[in-house]
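Throughout, read-outs are computed from the coordinates displayed, never taken from laboratory work. Please read all numbers here as calculations on a predicted model, not as lab measurements. Every residue, glycine as well, gets a Cβ built from its backbone with ideal geometry; the counts of neighbours run over all protein chains shown.
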Amino acid sequence: MKRVICISAGQLSTKKVNNRVNRRNQYLNYGLLSLASVLKRHGLTPVVIHGHFESTDKTLRMALDYGLADTRYPVLLSLPSFYAVEWGKQFIAHAKSLYPSLRFVVGGRWVVGNRPEILKGLMPEADVIVPGLAENEITRIVTGSQNVGPISNNSSCLDYSLLHHRWQYQPSIEIARGCGMGCGFCQEKDQKLQPLKVPDQLVAELQSTLLNDGLIEMTPYLETSMFLPNRRWAEGLRVALDKAEMKVSWRTEGRVDSIKPELIPSLAASGLSILDLGLESASAIQLERMEKSRDPTKYLERASRLLHACSEANVKVKTNILLFAGENEDTIDQTIQWLEAHRECIYGVSVSPVIVFGWQAESDPYLETLAQFGATPHHSPCPGVTHMNLSERLTYEDSLTLARFISKRFMRAGRYYKLKSFSYFPRTYTFDDFLLDMAHEPGSHSFSTAFLDQCIEEVMGMAA
């Protein structure tokens, strides 16, 4: 049997508040889907199953339905985050208790890092732990064959037919890897940036991926840690879509200093509908502490121009704010007042306190950097994750309260649903479902439920 079972490890709890709405999120593990696509091109029959927030027992039953008990190949278990390690450990233990001969290959480049021995200590029942990217090695790892060559870049299309319940997922298309900008809080700060995928190849992937099936429209997320477009790429994408007779609404994330405001009309014409903008802060001292910008004044001026350009082109901007080490009343107020001044250009705001990721040897230097600004570790919810007190006056609990306060000030329930359904909610999850979940746990959300009637009109398309 050539079936290869590929499991994206789930989580026992959500990263943020563990409520019903947050548990609806479906984060596509496109790295694992990429590996499965490679395996299929080499004649195997993989299937990709996501654990999400389901129990290990339910996920194991899905895997058994696909032939887990009969496969002669190892199970691929991908850890998309440190929060997934305990779920993955429990899944392996559960599966091997029923089928002792099963073998597990475990990977996840952001978790494993360069220290596979640490993860092996946490997951001793894993048979093989693979660091880094594995596209060029995965077929050899799975089959044991030494005669499998590397996969060329021109065959990198993700095969969504390999996904369990593929119709539920809003697709992601990876258009570049790396960043290399050096922001202190970023896991890709030292990864060299690749060029953006050429438009013709991108459109070919979209054609093979998007479904028109009567569910919520498929709206792809163009994945890259550093979106650095130029006019040729933006106009090339528009031309390629026109040639294919396609009209696609897409979303991506970008930095203030990576997208030129004058490019927004061309990007909007190619389908850009939502931009996740990593503003992070509007406090000069915090931007410097984050190593986000050497010239905060120029940075914020450019952010302002970018927001206005998006507003004029009808591109919705979800602004990301990071509560960082050393925050105080002044720095918080500076950020809030800047957001208020640009409220008409901002569709929503997402706010999170800084979290330190990485094994101890890797995270200690960064923790020492944060300590210079008054931050101290608060607790570790799981290995590889450290939550912080941002200063003596701003504890970890305070930062959670503050994050929710700012989010609610700038994010309405209807817009929250539209942003999430564009990219993360299952395509069968309706606004009525959302309202029921929201009502089940009132007060636990990071969006405002004020003016709910207006929110309902907006979602239903009866208001601008």
TODO: With all distinct Cα pairs included, what does the Kirkwood hydrodynamic radius of segment 3-154 come out to in Å, to one decimal, could you say?
DONE: 15.7 Å
Task: Fully extended contour minus Cα-Cα distance, from F405 to K58, at 0.36 nm per residue - done: 121.3 nm
- [ ] Quick one: order R294, R23, R427 by neighbouring beta-carbon count within 10 Å, fewest to most.
- [x] R294, R23, R427
- [ ] Report the one residue of A134, V111, T45 whose Cα lies farthest in the direction of the positive end of the charge dipole of segment 3-154 (charges on C-beta: Lys and Arg +1, Asp and Glu -1; origin at the Cα centre).
- [x] V111
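Looking at the square roots a ≥ b ≥ c of the eigenvalues of the Cα gyration tensor of segment 326-375, which shape do they give, rounded for a/c under 1.5, prolate if a/b is larger than b/c, or oblate?
On the way: a/c = 5.06, a/b = 2.05, b/c = 2.46.
Because a/c hits 1.5 or more and a/b fails to exceed b/c, segment 326-375 counts as oblate.
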Task: Label-point separation, H165 to E301 (7 Å along Cα→Cβ), nm - done: 5.1 nm
TODO: Determine the gain in length on full extension of the stretch L12-E217; use 0.36 nm per residue of separation and subtract their C-alpha separation, reporting nm with one decimal.
DONE: 70.8 nm
Open item on the list: Could you compute the net charge surrounding Y73? Neighbours are other residues with a C-beta less than 11 Å from the C-beta of Y73; K and R count +1, D and E count -1.
Closed with: +3
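Relative contact order for segment 3-154: what is it in percent, counting Cα pairs under 8 Å that are at least 6 residues apart? List each step's numbers first, then the result.
On the way: 239 pairs, mean separation 39.3, N = 152.
Dividing the mean separation by the residue count of segment 3-154 yields 26 percent.
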- [ ] Can you tell me the 0 to 90 degree angle between the C-alpha axis of helix 431-440 and the longest principal axis of the chain, rounded to 10?
- [x] 80 degrees
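Taking the highest mean first, how do the peptides 109-118, 280-289 order by number of other beta carbon atoms within 10 angstrom per residue?
Values: 109-118: 17.8, 280-289: 21.7.
Those peptides, ordered most packed to least, come out 280-289, 109-118.
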TODO: Subtracting the Cα-Cα distance from 0.36 nm times the residue separation, let me have the gained length for D330 to E397 in nm, one decimal.
DONE: 22.2 nm
- [ ] Describe numerically, in nm with one decimal, the distance between label points set 7 Å from Cα along Cα→Cβ at S97 and at A439.
- [x] 3.9 nm
Task: Principal axis dimensions, the chain - Cα atoms, whole angstrom, descending - done: 61, 55, 44
Task: Rounded if a/c under 1.5, otherwise prolate or oblate - segment 296-447, Cα gyration tensor axes - done: oblate
Task: Furthest towards positive pole of dipole, Y424, L210, P261, structure part the chain, Cβ charges - done: L210
Open item on the list: Through the Karplus equation 6.51 cos²θ - 1.76 cosθ + 1.60, θ set to phi - 60°, convert the phi angles of segment 85-94 into ³J(HN,Hα) values in whole Hz; use x for Gly and Pro.
Closed with: 4, 5, 4, x, 4, 5, 5, 4, 4, 5
Open item on the list: Please compute the modelled spin-label separation between D364 and R3, points set 7 Å along Cα→Cβ, answer in nm with one decimal.
Closed with: 4.7 nm
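If R₀ is 22 angstrom, what is the calculated FRET efficiency for the pair N320 and W110, using the beta carbon separation as r and rounding to 0.05?
Numbers: r = 18 Å, r/R0 = 0.83.
So the FRET efficiency works out to roughly 0.75.
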Task: Extreme residue, positive dipole direction of the chain, given options F82, P220, N328 (C-beta unit charges) - done: P220
Task: Candidate lysines - alpha carbon under 30 Å from K120, same-chain residues fewer than 8 apart omitted - done: K2, K15, K16, K40, K58, K89, K96, K189, K192
Open item on the list: 5 Å is the cut-off here: which amide hydrogens, built 1.01 Å from N in the peptide plane, fall below it relative to F227, excluding neighbours closer than 5 in sequence?
Closed with: R255
Task: Normalised contact order of the chain, rounded percent, pairs of Cα under 8 Å and 6 or more residues apart - done: 13 percent
Task: Charge sum, other residues only, whose C-beta stays under 12 Å from V112's C-beta, Lys/Arg counted +1 and Asp/Glu -1 - done: +1
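Given Cβ point charges of +1 (Lys, Arg) and -1 (Asp, Glu) and nothing else, what value in debye, to the nearest 20, does the dipole of segment 3-154 about its Cα centre take?
Using only the charged Cβ atoms, the result is roughly 340 debye.
Please arrange V385, V248, V128 by counting, for each residue, the other beta carbons lying within 10 Å of its beta carbon, fewest first. Provide the component values of the computation, followed by the final result.
Details: V385 18, V248 21, V128 15.
Least to most surrounded, the residues fall as V128, V385, V248.
What FRET efficiency would be calculated for the residue pair V239, S208, taking the C-beta separation as r and a Förster radius of 25 Å, to the nearest 0.05?
After rounding to 0.05, the efficiency reads 0.85.
Counting other beta carbons within 10 Å of each Cβ, put Y66, Y83 in order, fewest first. Mind showing how you got there, number by number?
Values: Y66 18, Y83 21.
Placing the least packed residue first, the sequence is Y66, Y83.
Nearest 0.05, what FRET efficiency do A371 and L122 give at R0 = 22 Å with Cβ-Cβ as r? Don't skip to the end; give the middle numbers.
Details: r = 26 Å, r/R0 = 1.19.
Efficiency, from the Cβ-Cβ distance: 0.25.
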TODO: List every residue whose amide H lies under 5 Å from the amide H of R177, counting only residues 5 or more places away in sequence or on a different chain, with H placed 1.01 Å from N in the peptide plane.
DONE: Q194
